[in-house]
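A.B. asks: Take this structure, written in structure tokens, and hold onto it; I'll ask about it next.
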Amino acid sequence: MGESNAPFSVEVSSEAWRAEADRWIAESLAGRDVVVVGTRQPRVRPWSTQLVVEVAGPSGAARYWFKANCRAQSFEPALQARLATLLPGDVDAPIAADPSRGWMLTADRGATLADRHDPAAEDWSRVIDEWARVQRSLAGRSAEVLGAGVPDCSPGTVPARFAELLGLVLALPTGHPSAPDAATAASLVAAADRVALAAEALDEGGLPATLQHGDLHPGNVFASDDASDGLRLFDFGDAQWAHPVEALLVPRAVMEYRGIDPEPVVAGFREAWADVARFDDAEWARLVAAAETTHAVNRAHTWWGCLAQATDDETAEWGEAVLRHLSRVLGRSGDS
């Protein structure tokens, strides 16, 4: 099936697409001594969909997960395969992958950390500590990560991305959820210097660009009952090559929203990078403020790509996210 011009969610909800996906899944599992007994599609979004694949074999019933990504996030299968090679103890290799279509089949690893219990500060610390270790391992390996198709959103690229996004939102028709009013448009235009200064501060801050997960939380890591087994990371569709502190911002916002003090978790992240660059509290606050500005631009970029194949109804539901995140360069809140 060639590339479709239909909205992503419409395409992946069609009988023809489902039949092709089911056929690919069966072919990918050939030789594993299992038979597919059923698939179901629990969720469709403008950016991705999943199929739960139930199988039977000599060892009993088992489950696999199929994921299909929109064009903007179709790099995920190649990235997960690359990470599984670079970090085999932290990321599982896909059972099968078709990067040209953004398709991936993975084994079921059981419950996530969030499935096991309501995440507490200790769980967030485990996740952040694990990701800081991954970031340290990948820093300096940009060619390998970017070669998988991950967007380069490192600080030096952000001012140009801001200008591009600003041009796009200013050109949106009146009534689009991300079309700014006149006052917001003027403020965004005037914010270009702020964005440039933030990018410069991060470039000069001493920490190297590395992989930014994009949606780091306890629901996106598998965890066994034995904490010594470590965590297995997944869901890399929002990933970017960016400043390491940007990876801390979504977790911090979620913790604050849920009434968890993020400061001990932040302190652990700071310590993980202390041998590369150590900051006093005032310097750290300035670094985080700069990262919040670049992250606002990079997060808006993610949302623009996620909604590029959306239906009109989906745009009405999620379309405000681009402007909401881009407006955070003005100091406005919102990090979901």
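A.B. asks: Put S137, S154 in order of accessible area, largest first, 1.4 Å probe: what do you get? Spell out each step's value before the answer.
C.D. replies: On the way: S137 50, S154 20 Å².
From most exposed to least exposed: S137, S154.
A.B. asks: Compute the length gained on full extension between R136 and E256: take 0.36 nm times their separation in residues and subtract their Cα-Cα distance, giving the result in nm to one decimal. All intermediate terms of the calculation are to be shown ahead of the outcome.
C.D. replies: Numbers: separation 120, 0.36 × 120 = 43.20 nm, distance 2.55 nm.
Answer, rounded to one decimal: 40.6 nm.
A.B. asks: Now a separate question. Once phi is turned into ³J(HN,Hα) by the Karplus curve 6.51 cos²θ - 1.76 cosθ + 1.60 with θ = phi - 60°, what whole-Hz value does each residue of segment 251-268 show in order, with x for glycine and proline?
C.D. replies: x, 4, 5, 5, 4, 4, 5, 8, x, 9, 5, x, 4, x, 5, 4, 4, x
A.B. asks: Also: Here are a few candidate values for P(r) over Cα pairs in 10 Å bins from 0, in percent: (1) 5, 24, 33, 25, 10, 2, 0; (2) 6, 28, 38, 23, 5, 0; (3) 5, 23, 30, 22, 10, 5, 3, 1, 0. Which one was actually calculated from the structure I just gave you?
C.D. replies: Step by step, P(r) over Cα pairs in 10 Å bins from 0, in percent for this structure corresponds to label (1).
A.B. asks: At 1.4 Å probe size, with the rest of the protein present, what percent of the exposed accessible area of segment 17-97 is carbon and sulfur atoms? Don't skip to the answer; put the middle values down first.
C.D. replies: Numbers: 1770 of 3560 Å².
With neighbouring chains kept in place, the figure for segment 17-97 is 50 percent.
A.B. asks: May I ask which residue of P177, G31, V145 lies farthest towards the positive end of the charge dipole of the chain, with charges of +1 (Lys, Arg) and -1 (Asp, Glu) on Cβ and the Cα centre as origin?
C.D. replies: G31
A.B. asks: Which residue, Q212, S59, A242, has the largest displacement toward the positive end of the dipole of the chain when charges sit on each Cβ (Lys, Arg +1; Asp, Glu -1)?
C.D. replies: Towards the positive end, the residue furthest out is S59.
A.B. asks: In whole percent, and with a 1.4 Å probe on the protein chains, what portion of the accessible area of segment 180-300 is carbon and sulfur?
C.D. replies: Details: 2490 of 4950 Å².
So the carbon and sulfur contribution to the accessible surface is 50 percent.
A.B. asks: Now, a different point. Per residue, how many Å² of accessible area does segment 162-224 show with a 1.4 Å probe?
C.D. replies: On the way: 2720 Å² over 63 residues.
With all protein chains present, segment 162-224 gives 43 Å² per residue.
A.B. asks: Calculated FRET efficiency, D108 and E271, Cβ-Cβ r, R0 25 Å, to nearest 0.05?
C.D. replies: Numbers: r = 34 Å, r/R0 = 1.37.
So the FRET efficiency works out to roughly 0.15.
A.B. asks: How far apart, in nm, are the 7 Å Cα→Cβ label points at D152 and E164?
C.D. replies: My value for the distance between the label points is 1.1 nm.
A.B. asks: How large is the helix-only mean residue ellipticity at 222 nm for the chain, computed as the sum of -39500 (n - 2.57) over DSSP H runs with n ≥ 4, divided by its residue count, in deg cm²/dmol to the nearest 500?
C.D. replies: Details: 14 runs with 152 residues, N = 336.
Counting only the DSSP helices, I get -13500 deg cm²/dmol.
A.B. asks: May I ask you to list the trypsin sites (Lys or Arg not before Pro) in segment 275-336 that are in a DSSP loop and have at most 14 other Cβ atoms within 10 Å of their Cβ? The partial results should precede the final answer.
C.D. replies: Values: sites: R278, R286, R299, R324, R328, R332; in loops: R278, R332.
Here the trypsin sites (Lys or Arg not before Pro) that fit, given the DSSP loop and packing criteria, are R278, R332.
A.B. asks: Provide the per-residue ³J(HN,Hα) series for segment 137-150, in order, calculated from phi with Karplus coefficients 6.51, -1.76, 1.60 and θ = phi - 60°, each as a whole number of Hz, with x at glycine and proline positions.
C.D. replies: These are the phi-based 3J(HN,Hα) values: 5, 9, 4, x, 10, 4, 4, 5, 6, 5, x, 7, x, 5 Hz.
A.B. asks: What is the distance, in nm, between label points placed 7 Å from the Cα along the Cα-to-Cβ direction at V52 and at A6?
C.D. replies: 2.5
The values are calculated or read from the model by the stated rules, or taken from the named source; none is laboratory data. Note that this is a predicted model, so its numbers are computed, not measured. Cβ: placed from backbone, ideal geometry, glycine included. Neighbour counts: every protein chain shown. The area values use the complete protein model at the heavy-atom level, side chains included, leaving out ligands, DNA and RNA. Shrake-Rupley method; radii C 1.70, N 1.55, O 1.52, S 1.80 Å.
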